[in-house]
Amino acid sequence: MPRITDVRTTIWEWIGPVAPMPPHFCTTAGDIVSDVTGSIEGFRFLGWLVVEIECDDGTVGIGNAALAPHATKAAIDTYLKPLLIGTDPMDSEYLWQSMYRRTLPFGRKGIGMTAISAVDLAIWDAKGKILNQPVFKLLGGRTKSKIPVYASRLYSQPLDTLYNEARAYADQGFSAVKLRFGWGPKDGLAGINKNLDLVKTAREAVGPDVDLMADCYMGWNVEYAKRMLRLLEPHNLRWVEEPVIADDLAGYAELKAMNLVGISGGEHEYTLYGFRQAMDLRAFDIAQFDVNRVGGITAAKKIADLCEAYDVAVIPHAGQMHNYHVSMSSYGAPISEYFPKVPVEVGNELFWYIFDGEPVAENGFINLADDKPGFGLTLKTPDPAEFKLTR
Ligand SMILES: [Mg+2]
């Protein structure tokens, strides 16, 4: 019976070149309180946390967190590591409940649950390695021969480059692409028209037979979203994502009840309890938890099952292996997000620079290997000119 002997946390902070970004290339929840240049700072993720759980049989499980890595590292080192040393990683349900209930007064959501998520991923990776099985095989196995993925980039950029980039994704075989809106309530009718121009341009580029989605990243409010949803209806979007802040589940429900376009959300929602509330309110047509925030594989599996009972599609945030393994093993997960590998820019793409083994899309699909244990990822050797490591 393996025992956990060490829990190591390392921040991988990108210090290499960063691609220039326009001052405001998508809406964020900060738009309403700051000028647009300031609000975008909260959107960058240039440091990631890697968690390694070592067992006495030599197994090392790897997990990660992309949000607030310094605070998440402190939460793991201070509160979670002492609960894990000497335990059996195969007891993942007990370990999750132990971490959750013993940090509940200050944990629950945000950094507390991000920390638990990163540890839980490392535990499941270790379980897979101990049993010599990929994680998806431990969750129910293969529900599809390969996973359709949608190309997720397209920011608020000049319309000619938007057109060309959207067209290129369609030409590469993606059956769906997603863009980000650039303007919100502070930008008035002129901003509304610019948002509509983004959608019109992308629709023209991909044609009528490729699905198109658009993300607000919590940058709107309910009144503005109602106005936008009516105007967007002719463009046949598959969904509008995170139209309002994550805490306003009633706002999501109100927008969904308009029945003009699918409403997606949940990439900033946490735990089975958060999703129970969302399902009870009929807040989402599509649930987009990220496994490295929502409570790890342990929570994500339960939430995927809950969503199945409500006939709500599960399309996790961000792609990446920890989400793909849930998509592969979940009957109600029709497609997954895919961040193309690009020069470092926002930080969304950093996993390409930290891990080896992430699947590359081919003709709009990714696949998982049946013979790679755990999540099938290994850590790259960091180049000191690109990454500053904090242990
Ligand atoms: Mg999103």
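For the stretch 372-391, name all the residues that are touching a strand residue (DSSP E or B) at 6+ places or on another chain (Cβ under 8 Å) and part of a loop (DSSP other than H, G, I, E, B).
Initial filter on the stretch 372-391 (touching a strand residue (DSSP E or B) at 6+ places or on another chain (Cβ under 8 Å)): 372-380, 382, 386-391.
Hits for the stretch 372-391 are Lys372, Pro373, Phe375, Gly376, Leu377, Lys380, Pro382, Glu386, Arg391.
Loosely packed, with under 15 Cβ neighbours inside 10 Å and under 22 Å from Arg3 (Cα atoms): is that true of Asn164 in this structure?
It is false that Asn164 is loosely packed, with under 15 Cβ neighbours inside 10 Å and under 22 Å from Arg3 (Cα atoms).
Return yes when Gly128 is within 21 Å of Ser330 (Cα to Cα), in contact with a Phe, Trp or Tyr (Cβ under 8 Å, 6 or more places away or on another chain) and surrounded by 17 or more Cβ atoms within 10 Å (Cβ to Cβ) and no when it is not.
Here the answer is yes, as Gly128 does meet what is asked.
Quick one: would you say Glu358 is closer than 19 Å to Glu13 by Cβ and not β-branched (Val, Ile, Thr)?
no
Leu255 is checked against (1) closer than 24 Å to Leu67 by Cβ; (2) within 16 Å of the ligand (Cβ to nearest atom) and fails just one. What number does that condition carry?
The failed condition is (1).
Among (1) touching a helix residue (DSSP H, G or I) at 6+ places or on another chain (Cβ under 9 Å); (2) over 17 Å from Val312 (Cα atoms), there is one condition Leu260 misses while meeting the rest; what is its number?
(2)
Condition check ((1) more than 16 Å from the ligand (Cβ to nearest atom); (2) surrounded by fewer than 16 Cβ atoms within 10 Å (Cβ to Cβ); (3) of a type in the set (D, E, K, R)) across all residues:
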position	(1), (2), (3)
His325	yes, no, no
Ser330	yes, no, no
Tyr338	no, no, no
Asn348	no, no, no
Asn363	yes, yes, no
Ile366	yes, no, no
Asp383	yes, yes, yes
Arg391	yes, yes, yes
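Name every residue in the stretch 56-83 that is surrounded by fewer than 22 Cβ atoms within 10 Å (Cβ to Cβ) and more than 23 Å from His317 (Cα to Cα), in order of residue number.
The answer is Asp56, Asp57, Gly58, Thr59, Val60, Ala74, Asp77, Thr78, Tyr79, Lys81, Pro82, Leu83.
Does Gly319 count as under 19 Å from Ala118 (Cβ atoms) and at pLDDT below 95?
Here the answer is yes, as Gly319 does meet what is asked.
Would a scan of the stretch 139-158 turn up a residue that is assigned to a helix (DSSP H, G or I), of a type outside the set (Ser, Thr, Tyr) and either under 30 Å from His325 (Cα atoms) or over 19 Å from the mean Cα position of the chain (by Cα) (or both)?
no
Take the residues in the stretch 268-323 that are within 22 Å of Val244 (Cβ to Cβ) and among the polar types (S, T, N, Q); name whichever of them is surrounded by the fewest Cβ atoms within 10 Å (Cβ to Cβ).
Gln277
For the stretch 209-246, what are the residues that are part of a strand (DSSP E or B) and either of a type in the set (Ser, Thr, Tyr) or within 17 Å of the chain's Cα centre (by Cα) (or both)?
Met213, Ala214, Asp215, Trp239, Val240, Glu241
I'd like to know if the stretch 226-236 contains one or more residues that are in contact with a Phe, Trp or Tyr (Cβ under 6 Å, 6 or more places away or on another chain) and farther than 24 Å from Met321 by Cα.
no
Looking only at residues that are of a type in the set (A, V, I, L, M, F, W, C), touching a helix residue (DSSP H, G or I) at 6+ places or on another chain (Cβ under 8 Å) and modelled with pLDDT of 95 or more in the stretch 345-367, which one is farthest from Asp171 (Cα to Cα)?
Phe355
In the stretch 222-259, what residues are crowded, with 17+ Cβ neighbours inside 10 Å and of a type in the set (A, V, I, L, M)?
Answer for the stretch 222-259, where residues must be crowded, with 17+ Cβ neighbours inside 10 Å and of a type in the set (A, V, I, L, M): Ala225, Met228, Leu229, Leu232, Leu237, Val240, Val244, Ile245, Ala246, Leu249, Leu255.
Could you identify the single residue in Met213, Met228, Met218, Met258 that is assigned by TED's automatic domain parsing to the domain that holds Asp311 and on the phi > 0 side of the Ramachandran plot? Walk me through how you get there before you give the answer.
Values: Met213 fails: on the phi > 0 side of the Ramachandran plot; Met228 fails: on the phi > 0 side of the Ramachandran plot; Met258 fails: on the phi > 0 side of the Ramachandran plot.
Only one candidate qualifies: Met218.
Could you tell me how many of the residues in the stretch 185-242 are among the polar types (S, T, N, Q) and under 21 Å from Gly173 (Cβ atoms)?
Looking only at that region, the number is 2.
Would you call Gly295 on the phi > 0 side of the Ramachandran plot, away from the ligand (no atom under 16 Å from the Cβ) and either of a type in the set (Gly, Ala, Ser) or not assigned by TED's automatic domain parsing to the domain that holds Ala333 (or both)? First the steps, then the outcome.
On the way: on the phi > 0 side of the Ramachandran plot: yes; away from the ligand (no atom under 16 Å from the Cβ): yes; either of a type in the set (Gly, Ala, Ser) or not assigned by TED's automatic domain parsing to the domain that holds Ala333 (or both): yes.
Taking the combined requirement at face value, the residue satisfies it.
The values are calculated or read from the model by the stated rules, or taken from the named source; none is laboratory data. No experiment lies behind these values; they were computed from the predicted model shown. Cβ atoms come from the backbone with ideal geometry, glycine included; neighbour counts cover every protein chain shown.
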